[in-house]
Amino acid sequence: MDGNEIMHRKDELRRAVSDLRDRGLTTAAKFAADLLTALPEVEGKAVKRKSKTPERGRSATDDDEDAFQSGKCLFDLKEYKRAAHALRKLQGPRAVFLRCYATYLLGESRKEEERLEAGGLMGSSQAVNKELQALDIELQEATAETQADPFLLYLHGLVHIDRDNRAEGKELLLRSLHAFPCNWSAWLALGTLQGGADVDADSALPRHWMRNFFLTHVCVEGQENEEALGRLSDLTAEFPDSDWISATAALAQYNLRNFDEAQELYEDLLERDPHRIDGMDTYSNILYVKEHFAALSHLAHRVSAADKYRPETCCIIGNYYSLKGQHEKAVTYFRRALKLSRHYLSAWTLMGHEYVEMKNPPAAIEAYRQAVDLNPRDYRAWYGLGQTYELLHMPVYALHYYQRATQLRPHDARFWCAVGQCYAHEQLGMDEAAIRCYQRAHDSDDREGIALHRLAQAHERRGDAEQAAYYYEMNLHRMDAEQVAGSEAVDALMFLAAYHKEQGTLALAEGLCMRLLDYGASSKERARALLREIRSLQGGMGVLGQAAGRMDVLDFGSMTPAPMNPEADYMDPAGSDIELSPG
């Protein structure tokens, strides 16, 4: 961008911050202010201050400024009914919007109160916003004009979405954004109506620089994180100091399970703004996974000092207690977060995890269902449902929910391993389908190496010793490279020792048995018994020194994996043999 373009954007964002704040759209105003401060300085150019002119939708005859400011103060105090009453006689678009918006929020507040009275935090009811119909009637006339106020168009779009008229809602939001593209709240509402790779090709979207932020947001929401990082790199060149860009990049890295990169970005955000709370709940998830007790405790104290009544703060404290194994306390804080904001998605999912730890499957299932009701794209909740039903020994149900998770994250190896495990369950016994899933997991960068071990086990169950040995050797090689050991290493060594004994490569089998002697008592007994058999065979053959190669190095070139069908339907490896829906 040249200097003139930067100055033009700054002027546009300054006007947007003022207009949005006047209408109580604080989230959008905060976003615009972040971008405004993120733009680079232009050397040699003084900031042009325009003379005071009427703001959008405001003139000397439209509003009585004193009455408007009185109503705005009541709105800021969340006294929505009083605010709507104070603004009832004002006719300018700015005052009409604030009055209608206050009425809309009043209906939302009453809906939440009715829902809580009917079913409590975990309950559900048919509560609706009873102000929607009257608002729809009033806004129809105001938005019918070609040059309708963009903020009234935005509010009318929200009303249609809440009434499940998605097509009409989208049309109104697009009209609003064409007239006022700096309303980030309108972009977010539009993002709930469409997503995926085809959004960029939507010719109806405004050709404005804010479009690039929207496309990045859609990519992150749709788990297209690599593409999102590419877009964020381009945006950083234009807005080098944007906290939103840094926070979104950190979230994309977290979704990719690049925890070190995400942690570095979050720590940089905290260094720039030590009292920041936005996004720190995700940062706490990283510290939880990495088991950084001290860092998580420090973060919990920091955000609590900033604002202990924020849902994110309660979530961070809940994560801390969960890491300490105090699951009841963790649930208490997750419930507290939901009392502050029932739409806080992370708390529902994390509370489900805690109920699983507490061996309370019904409560876990209810928490996960609340999460997917709020956001059907929450793959963690779908995966949690699958895990819970697997614990209940209901593999068909678990399979259904795991597959929902793979639809949202088709390159996540953990989910393919989970689907494969369901197919391999004794109630289904579909090892061929399980093998295809494990192969897909292995091809999706299976960092934990779970897929290799399960591929070997599946081939062993099918009696395919050669393929089982191939995957056991691969997994053993991975564990040796990563210097890890455990039951998987024992299984691999035991199978390979017996396999090579049968193949006649006795020296290699003997070396594998010697390695087994370094493990626990049970493996030592089995290894000694197998060694006696091997040495008996060696004595009978009169060959004590034969070797197929070094005893401590396995030959991967001697075996090849079975060819996979590249045209297999990866979303349903089992074809149509069983009904996957839990009904």
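The values are calculated or read from the model by the stated rules, or taken from the named source; none is laboratory data. For clarity, every value in this text was computed on a predicted model and none was experimentally measured. Please note: Cβ atoms are built from the backbone with ideal geometry, for glycine as well, and neighbour counts cover all protein chains shown.
Taking L121 as the residue in question, decide whether it is modelled with pLDDT under 95 and assigned to a loop (DSSP other than H, G, I, E, B).
yes
Sort out for me the helices (runs of 4 or more DSSP H) sitting completely within the range 198-297 that have 3 or more residues that are surrounded by fewer than 16 Cβ atoms within 10 Å (Cβ to Cβ).
Correct list: 225-238, 259-272.
Are any residues in the range 70-114 in contact (Cβ under 8 Å) with a residue 60 or more places away in the chain and more than 26 Å from F180 (Cα to Cα), and if so, which ones?
The answer is E112, and nothing else.
Listed residues R15, R21; which is over 22 Å from A102 (Cβ atoms), of a type in the set (K, R) and either in contact (Cβ under 8 Å) with a residue 60 or more places away in the chain or not in a loop (DSSP other than H, G, I, E, B) (or both)?
Values: R21 fails: over 22 Å from A102 (Cβ atoms).
Only one candidate passes the filter, namely R15.
Restricted to the range 402-419, and to residues that are in contact (Cβ under 8 Å) with a residue 40 or more places away in the chain and in a helix (DSSP H, G or I), which residue is nearest to D464 (Cα to Cα)?
Here the residue is V419.
Out of N165, N183, which single residue is polar (S, T, N, Q) and in contact with a helix residue (DSSP H, G or I) (Cβ under 6 Å, 6 or more places away or on another chain)? Reasoning before the result, please.
On the way: N165 fails: in contact with a helix residue (DSSP H, G or I) (Cβ under 6 Å, 6 or more places away or on another chain).
Among N165, N183, only N183 is polar (S, T, N, Q) and in contact with a helix residue (DSSP H, G or I) (Cβ under 6 Å, 6 or more places away or on another chain).
Of T349, T313, T332, T388, which residue is in a helix (DSSP H, G or I), within 23 Å of A189 (Cα to Cα) and at pLDDT 95 or above?
Exactly one of T349, T313, T332, T388 is in a helix (DSSP H, G or I), within 23 Å of A189 (Cα to Cα) and at pLDDT 95 or above, namely T349.
Conditions tested, residue by residue: (1) over 17 Å from L374 (Cβ atoms); (2) in contact (Cβ under 8 Å) with a residue 24 or more places away in the chain; (3) in contact with a strand residue (DSSP E or B) (Cβ under 9 Å, 6 or more places away or on another chain).
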{"site": "D278", "(1), (2), (3)": "yes, yes, no"}
{"site": "V289", "(1), (2), (3)": "yes, yes, no"}
{"site": "A300", "(1), (2), (3)": "yes, no, no"}
{"site": "N319", "(1), (2), (3)": "yes, yes, no"}
{"site": "E328", "(1), (2), (3)": "yes, yes, no"}
{"site": "S341", "(1), (2), (3)": "no, yes, no"}
{"site": "L350", "(1), (2), (3)": "no, yes, no"}
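Please verify whether Q223 is in contact with a Pro (Cβ under 9 Å, 6 or more places away or on another chain) and of a type outside the set (D, E), treating the condition exactly as stated.
The answer is yes for Q223.
Only one of these conditions is not met by L391: (1) within 26 Å of H217 (Cα to Cα); (2) touching a Pro at 6+ places or on another chain (Cβ under 8 Å). Which number is it?
Unmet for L391, out of (1) within 26 Å of H217 (Cα to Cα); (2) touching a Pro at 6+ places or on another chain (Cβ under 8 Å): (1).
Please note which helices (runs of 4 or more DSSP H) are completely contained in the range 455-527 and include at least 1 residues that are at pLDDT below 85 and more than 28 Å from H442 (Cα to Cα). Walk me through how you get there before you give the answer.
On the way: elements: 465-482, 487-503, 506-516.
Output list reads 487-503, 506-516.
Output the number of the condition that E426 fails; it satisfies all remaining conditions of (1) surrounded by fewer than 19 Cβ atoms within 10 Å (Cβ to Cβ); (2) in a helix (DSSP H, G or I).
With (1) surrounded by fewer than 19 Cβ atoms within 10 Å (Cβ to Cβ); (2) in a helix (DSSP H, G or I) applied to E426, the lone miss is (2).
Give just the number: which of (1) at pLDDT 90 or above; (2) surrounded by fewer than 17 Cβ atoms within 10 Å (Cβ to Cβ) does D412 not satisfy?
The failed condition is (2).
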